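Take a look at the structure below.
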Amino acid sequence: IEAGIRRVVVGAIDPNPAHRGRGLALLRSKGIRITSGVLESECIDLNPEFHHFMSTGRPWVIAKCGMSLDGRLTRPKGESRWITSPAARTDAMKLRAAVDAILVGAGTIRDDDPALTVRGAGKRQTQPIRVVWAPRCAPAANARVFNDAHSGSTLILPQKSLGAALRKLGARGIRRVLIEGGGYTLGCAFGQHLAQEIVFYIAPLLAGGRVTALGRSAAASSGSTLRRVQFRKLGQCLRISATVNR
């Protein structure tokens, strides 16, 4: 206004309700011509996590899993617990180190008792908050996540829907969440269109385990399509990452 500019071209409008459109209204009140929505999608893609958080109140969700070629997250009893290669597991640690919270279902805590910590490559000083989604039953109190050095920042969310649990995290200011499973929780994320990004590690193995990667949610019928798909070989595993279409 002070510089005398007569026309302003805008890509995306600030999604923050406290500011949305106020700047443009001020410019228009001074007689400045506004052209908005120019390359809007491309502009939103410059900062998609912020736009998503502001428009939904939920954090940006990365759905991650390590699966076999037959879509299993587990192997039969008596076999090695690992499905993916050491290189893939190292990469997954870097992924953990880049989020605010790691979320799993209570069933995963019961069956696998994971630590959900950042270890080895990608280690950082701040450990992401560990979140246990428990819509059906409380997890065992003797689980590692409730008894180690980071137990004070482990949350239990009893909300019946995964969307409600994610909104609870959003209310705490958590912007970026990694969902690591199990199959039921991952299935809910896709079946309810709650995942914005995927990172799948696929191992050259027919595991035949009990737990399927996406549970019984019929995620294929959810209509999720992917863009910006990338493939990378990590040891004997294939890493597939992509953004889920809005």
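Quick note: the coordinates plus some simple rules give every number you see, no bench work behind them. Note that the coordinates shown come from a computational prediction; the quantities given were computed from them, not determined experimentally. Note that each Cβ is placed from the backbone with ideal geometry, even for glycine, and that neighbours are counted across all protein chains shown.
Anything in the stretch 80-105 that is in contact (Cβ under 8 Å) with a residue 40 or more places away in the chain and part of a loop (DSSP other than H, G, I, E, B)? List them, or say none.
Correct list: I83, T84, S85, A98, V99, D100.
Has the stretch 106-125 got at least one residue that is assigned to a loop (DSSP other than H, G, I, E, B), within 19 Å of R172 (Cβ to Cβ) and touching a strand residue (DSSP E or B) at 6+ places or on another chain (Cβ under 6 Å)?
yes
Select, from P158, P76, the only residue that is more than 21 Å from R232 (Cβ to Cβ), out of contact with any strand residue (DSSP E or B) (no Cβ under 6 Å at 6 or more places or on another chain) and touching a residue at least 40 places away in the same chain (Cβ under 8 Å).
Checking each option against the conditions leaves just P76.
Quick one: would you say A171 is in contact (Cβ under 8 Å) with a residue 60 or more places away in the chain, more than 17 Å from A63 (Cα to Cα) and in contact with a Lys or Arg (Cβ under 7 Å, 6 or more places away or on another chain)?
Taking the combined requirement at face value, the residue does not satisfy it.
Considering the stretch 13-38 alone, what residues qualify as being among the hydrophobic types (A, V, I, L, M, F, W, C), part of a loop (DSSP other than H, G, I, E, B), surrounded by 13 or more Cβ atoms within 10 Å (Cβ to Cβ) and out of contact with any Leu (no Cβ under 8 Å at 6 or more places or on another chain)?
If the condition is that a residue be among the hydrophobic types (A, V, I, L, M, F, W, C), part of a loop (DSSP other than H, G, I, E, B), surrounded by 13 or more Cβ atoms within 10 Å (Cβ to Cβ) and out of contact with any Leu (no Cβ under 8 Å at 6 or more places or on another chain), then I32 is the only one that fits.
For A138, state whether it is outside any helix (DSSP H, G or I) and under 25 Å from Y201 (Cβ atoms).
Criteria not met by A138.
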